Amino acid sequence: MTQDPNAEALTQPTEVGANAAETGDRRLTQEASDAYGQHEAGVEDLDFATVAEHGHTASELDPEAPAVLTVDNLKMYFPVRSTGLVRRTIGHVQAVDGISFEVPKGGSLGLVGESGCGKSTTGRLITRLYKPTGGSMMFDGHDLAKLSNREMKPLRRDVQMIFQDPYTSLNPRHTVGAIVGAPLEVHNIVPKNKVLPRVQELLEIVGLNPEHYNRYPNEFSGGQRQRIGIARALTLNPKVLVADEPVSALDVSIQAQVVNLLQDIQREFDVAFLFIAHDLAIVRHFCPEVAVMYLGKIVEIGDRETIYSRPHHPYTQALLSAVPDVKQAAVGGRRERIRLEGDVPSPINPPSGCRFRTRCQFAQEICAKVEPPLLQIGKRHKVACHFAGELGEHPATPVTTELLGVDDQGSPVPGATPTNTQLTIPGYENTWYDLRTKQTTGV
Amino acid sequence: MTSVPVTQSAATAAEVVDGPYLQVEDLQVTFPTEDGPLTAVKGLSYSVEKGKTLGIVGESGSGKSVSSMAVMGLHDPKSAQISGSIRVGGTEVVGLSEARMRSLRGNSMAMIFQDALAALHPFYKIGAQLEEAYLVHHSGASKRDARRKAIEMLDRVGIPQPDRRVDDFPHQFSGGMRQRAMIAMGLVNDPSLLIADEPTTALDVTVQAQILDLLQDLQREFNSAVIIITHDLGVIAEMADDVLVMYAGRCVEYGTTKQILTSPEMPYTWGLLSSIPDVTASTDARLIPIPGNPPSLLNPPTGCPFHPRCVHSDKVPGDLCVTELPALTPATGPGHLKRCHIADPSAVYRTEVLPEIAPELLEETR
Amino acid sequence: MFAYVVKRLISGVLVVTLVSMAIFLLFWYGPSSPAQPICDRETSNRCGNKIEIYEKTLGYNNPVHEEYAKFVKGVFVGRTLTIASNDYECSAPCLGVSFRTKEPVKEELLSRVPATFSVAIGGAFLYLLFGIPIGVAAARRRGSVADKALVSSFLFISSIPYYLFALLTWLYLTVTFEIPLFSNTGYFSPITEGPWAWFSGLFLAWVALGIFGCTQYTRFTRGAMVEALSEDYIRTAKAKGLPSRTIVYKHGLRAALVPVVTIFGIDFGTLLAGTIFTERIFEIQGIGWWSLQAVQGMDLPVVQATAIFSAVILIISNLLVDIVYSVLDPRVRLS
């Protein structure tokens, strides 16, 4: 029989017989699991009100939550070697270059930016798939950046990762039970006869049928596989989960199921998320706090309201204006947007001063000379821009001159001393620099 | 098999030269597989006029790509059974000989694909691939003409230093530039119909915005009919004039972009709208997923294909949803079609769905 | 590119040195004295304690590193070898003197190279001549009855051990049916001196090698081609309106050739280094048969020379494969 490749692709999303409901809610799962088995059975007992009730609204910020992970001045430089007989190191890809942030206990920090900005590298540093070039990552009294791989092992349970591609991140030759149970055996946590009950419990948590522990990944659809990946990450009761593009490989209708599941898990197990994604809308829904990265640096960080409604960095503004908006349908036509010209420069030889200046419409001389500090300008808002301001209200003169002891062109002013002391801390101070008054204010 | 012409004029416009450029009627595509015949597209009808953009929305397996590849004649005739009618510029292409089909393909209709890195040949220079596309439909042209045309097209799609970059290989281009080159290749013969299959899915948002701008500019310039296939309703909102929502191989809702995205009348469309967050929405909006998975096309559900996942089927008396496929019937707005048994879907949407997914919109409309 | 080639050649020299050392050591510390076979032969199997004379003149009572140093010196400047009471002049590059024939190994090696190369080139030519087109044709008709019949019959041939296949070819075509063209096999004259004798002597060997190899190349090509034809860029080529011949050959085969060329380079190198079964069964005086005889007769200089020769050939063919690869696939950069 000849087969059209398209036909093969279409036969792929076959379902696992009596699968559990993909709504991401355990109560719902149990109610529906029988009725949901066959297509013909329908979901009469699933009415809109029930489903809607279990859909989550955007996650909320807990300003009092202590930091569970504190990242300070984290750097990752990958060496670039010359070709030729002797392979000397001729440069570095500055994938991550001095970023600082905190992930609150049980909260979520979103990391957004375009490909090559270093967000995925950051995730891999925190899970120590790479060893950082510099900086610190404080977790539970340990600096993850300094530990050897052996010292890291007991801590790996607490920091787990959810990967993007549910098709390649699960070993096709292992059963789901083996995949989810493997961390228990590696870390030797529970006796052998307790592994299976724990695996079944986990499968139930993520909304899969616990009886399916002996099936193989290819018997599951993309959304179900991502649930398996989440179950595996949850096996050891982690305190921090790094989710790198956890839904971008999934169909639209499945994305919401997985996002809701992650929100359920966060609430139930009080686990903190570093949520890495390029989809600004998903990040906005999941993360009360968001950091925007560009070419290895954080250019703006703050709470959701500030970043999405009152961004002060020209890059954040451009990024947000580029997102196509469903609501535009009511108006028709395209949204007004800030056009960024060209491509992201090479991280091997990034622009001097501000890395965004080559594509920034507000760039002036100072931007090439002095790197703008990540300055706290609000209660929970930091921005790295000499001309920080709301859209359409960018100041004509740099706001950072007094702090840095330079003039408007970025040349050092003789005798001036840089005054700011709050530039390097990962979290937020109680006082901040007010852009309008150019004074330090606070609560 | 139900088949309702998309517009009233569509049925008779075939003979008229200035009717819709592309007209698809009662299209059905079936692939034989080892597990039996798989019908990927069923009873699909739509039309696109020159200068207009149709957006086709659906999940993987909904038939959105399969139907467009049928228009381009890209299915292997040995393994795909295609019935119904597809008229491109008045020419019936279902059953057309391969030689005549080939003269249309890449010439009066062109397609651009999602992943430009995979869709461009890794071993040939960008210029060579453009020249090849030009020469195959311009047998009289010289190699030098083709090269000039290739450089001109690269310049038109905004590739800097086109006379130099024309000799680059695809892997030497950035992702956005590759997609531009792909568009240049699609437009090299000035096609009247352009099908863009997920043209920006793999791209970053700022690059996506650049590519969408480019597509829109080019459409205005060439006055072509455009089909844009995507799962991103935001892209649809900004690009399309009309929208076709597909589910399990069928059209389940059709209308203008405004109708589909502001007053949809089919629970699947509601589900799509409720399961994507929005950058500007209220944070009180709930993210309400569609339960379950897309159905298997080998063993499709009876009745309405969406009923196993539909959370509104309690509003339909009896088990109509399970037993009977709803017809594609007119909805409230002019030209708006929906495939649903619910008696007054627009009321359900306004009173039940909208308050959950867009509470702020409700305030405005009051 | 240049730096890469230099680097590869340096590592190649290293490998050849290690190969020669390894063979030297294996013979030196083997179960019986390396001088034993030659002593037996010279004394008509009454060697007895004459072995000591042979060991002494051949240097086997010296420390191993000294003798290896002499060998290396011989390669670069030549040396005089003594076996029993006879001296043999051996000019650089000296690979020693055969214990069996007392001939300088280098000369015999050079005289046997044309036979082996003739077998290899003819066989490899048939691999490609039949393997690639049949593979492409099968890939285009993937899943059809013809394709399935072809794949399974070729799989059957491939699963016969090669020596049996070659022997059966010879038995049936030469002995049983006495087909004139195949009546006499061997390497009778260089192509320049007697093309017909050259051709007719080698033809059966080519057929055996060619048929056996082409079944494998058909399968490689078919697999690579099936994969290439399912790539996105093939769909793009189709969407451009290209004729199917252009799509299959220009777009599909070009990509499918890359893995086939890689395997072919290695296979061809192996053939050039000597085809033991082919040469033995079809009585071709090539390097393969020679090395077999040398191993049987514990002829250390010849074993060493043939091993070094194969190492050199394989290193060069591997390097060529990598260079060809980088030419075929512009994404590959040699470094």
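We did not get these values from a lab; they are worked out from the coordinates using the rules stated. Please read all numbers here as calculations on a predicted model, not as lab measurements. With ideal geometry, Cβ positions are generated from the backbone for all residues, glycine too; neighbour counts draw on all protein chains shown.
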Response to the item:
Projected onto the charge dipole of the protein assembly as shown (unit charges on the beta-carbon of Lys, Arg, Asp and Glu, signs +1, +1, -1, -1), the Cα from A:Q266, B:A141, A:G223 with the largest positive-side position is that of B:A141
Response to the item:
Scoring only Lys, Arg, Asp and Glu (+1, +1, -1, -1) among other residues with Cβ under 13 Å from the Cβ of C:T275 yields -1
Item to complete: Mark the label point 7 Å from the Cα of C:L328 along Cα→Cβ and return the residues of the stretch C:124-154 whose backbone N is within less than 20 Å of it.
Response: C:124-140
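Mind putting a number on the dipole of chain A about its Cα centre? Charges go on the C-beta only, +1 for Lys and Arg and -1 for Asp and Glu, and I need it in Debye to the nearest 20.
Dipole size: approximately 1960 debye.
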Worksheet item: Of the residues A:G410, A:G91, A:G223, which exhibits the maximal mean-square fluctuation in a Gaussian network model of chain A defined by a 10 Å Cα contact cut-off?
Response: A:G91
Response to the item:
For the stretch A:310-442 the mean separation of alpha carbon contacts under 8 Å (6+ apart) over residue count, i.e. relative contact order in percent, is 21
Worksheet item: Does the stretch B:59-205 come out rounded, prolate or oblate, given a ≥ b ≥ c as the square roots of the eigenvalues of its C-alpha gyration tensor, rounded meaning a/c under 1.5 and, failing that, prolate meaning a/b above b/c?
Response: oblate
Worksheet entry | chain B - Debye-derived log10 I(q)/I(0), Cα point model, q = 0.06, 0.10, 0.13, 0.14 Å⁻¹ | -0.24, -0.66, -1.07, -1.21
Worksheet item: Going 7 Å from the Cα of C:K102 in the Cα-to-Cβ direction, what parts of the stretch C:3-41 have a backbone nitrogen less than 12 Å from that spot?
Response: none
Worksheet entry | Alpha-carbon centroids, the stretch C:22-101 and the stretch C:179-223: separation in whole Å | 38
Item to complete: Considering the options C:F177, C:S111, C:F165, tell which one lies farthest towards the positive end of the dipole of the stretch C:105-221, charges being +1 on Lys and Arg and -1 on Asp and Glu at the Cβ, about the Cα centre.
Response: C:F165
Worksheet item: What is the sum of charges around C:V321, taking Lys and Arg as +1, Asp and Glu as -1, for the other residues whose C-beta is under 14 Å from the C-beta of C:V321?
Response: -2
Worksheet entry | Whole-Å distance, taken between Cα centres, linking the stretch B:217-257 and the stretch C:288-335 | 60
Worksheet item: Can you list the HN-Hα couplings for the stretch B:336-341, worked out from phi with the Karplus curve (6.51, -1.76, 1.60; θ = phi - 60°), rounded to whole Hz and with x for Gly and Pro?
Response: 7, 10, 9, 10, 7, 7
Fill in: Net charge of Cβ neighbours under 9 Å - reference A:H187; Lys, Arg +1; Asp, Glu -1
+2
Worksheet, complete the sentence: Expected vector for the stretch C:210-218, Karplus 3J(HN,Hα) from phi with 6.51, -1.76, 1.60 and θ = phi - 60°, integer Hz, x for Gly and Pro, equals x, 5, 5, x, 5, 4, 6, 5, 4
Discussion item. Taking 8 Å as the Cα distance limit and 6 or more residues as the minimum spacing, I'd like the relative contact order of chain A as a percentage.
Written reply: 17
Worksheet item: What does the average come to when, for each residue of peptide B:311-318, you count the partner chain Cβ atoms lying within 10 Å of its Cβ?
Response: 4
Worksheet item: Roughly what would the spin-label model give for B:E152 and C:S189, points 7 Å off Cα along C-beta, in nm?
Response: 6.5
Item to complete: Would you mind ranking C:C47, C:C214 so that the residue whose beta carbon has the fewest other beta carbons within 10 Å leads the list?
Response: C:C47, C:C214
Fill in: Straight-distance crosslink candidates among aspartates and glutamates, where the alpha carbon sits under 19 Å from A:K379 and sequence neighbours closer than 8 are dropped
A:E60, A:D62, A:E64, A:E102, A:E289, A:E300, A:D303, A:E305, A:E390, A:E429, A:D434
Worksheet item: Using the Cα gyration tensor of the protein assembly as shown, with a ≥ b ≥ c the square roots of its eigenvalues, what is the shape: rounded (a/c below 1.5), prolate (a/b larger than b/c) or oblate (neither)?
Response: prolate
Worksheet entry | Charge-dipole axis of the stretch C:2-104 as Lys and Arg at +1 and Asp and Glu at -1 on Cβ define it, positive-most pick from C:V19, C:I53, C:L95 | C:V19
Worksheet item: What is the average number of partner chain Cβ atoms found within 10 Å of a Cβ in C:227-233?
Response: 4
Practice prompt. Mind jotting down the distance between the C-alpha centroids of the stretch A:256-308 and the stretch B:275-316, whole Å?
Written response: 24
Worksheet item: Given +1 on the Cβ of Lys and Arg, -1 on the Cβ of Asp and Glu, and no further charges, what dipole in debye does the stretch B:215-366 carry about its Cα centre, rounded to the nearest 20?
Response: 420
Discussion item. Going Cα to Cα from B:K42, which lysines come in below 16 Å? Please leave out same-chain ones fewer than 8 positions away.
Written reply: B:K64, B:K338
Worksheet entry | Listed residues A:K194, A:K382, A:K239, most fluctuating in chain A (Gaussian network, C-alpha, under 10 Å) | A:K194
Fill in: Cα-centred dipole magnitude for the stretch B:116-190, charges only on beta-carbon of K, R (+1) and D, E (-1), debye, nearest 20
100
Worksheet item: Tell me, what HN-Hα J-couplings in whole Hz come from the Karplus equation 6.51 cos²θ - 1.76 cosθ + 1.60 at θ = phi - 60° for each residue of the stretch C:12-18, using x for Gly and Pro?
Response: x, 4, 4, 5, 4, 4, 4
Worksheet item: What value, in deg cm²/dmol to 500, does the helix sum -39500 (n - 2.57) over DSSP H runs of n ≥ 4 give at 222 nm once divided by the residues of the protein assembly as shown?
Response: -12500 deg cm²/dmol
Discussion item. Using the basic label-point model (7 angstrom from Cα toward the beta carbon), what is the A:N149 to C:A197 distance in nanometres?
Written reply: 6.5
Worksheet, complete the sentence: When chain A is treated as a Gaussian network with springs between alpha carbons less than 10 Å apart, the largest mean-square fluctuation among A:N209, A:N430, A:N260 is found at A:N430
Response to the item:
Taking every residue of B:227-237, the Cβ atoms of other protein chains inside 10 Å of its Cβ average out to 4
Worksheet item: Once the mean 1/r over all distinct Cα pairs of chain C is inverted, what Kirkwood radius in angstroms do you read off?
Response: 22.9
Discussion item. Over 15 Å apart: what share of the alpha carbon pairs of the stretch C:2-104 falls there, rounded to a whole percent?
Written reply: 69
Worksheet, complete the sentence: The answer for chymotrypsin sites (Phe, Trp or Tyr not before Pro) in the stretch C:136-208 that fall in a DSSP coil and have at most 14 neighbouring Cβ atoms within 10 Å is C:F177
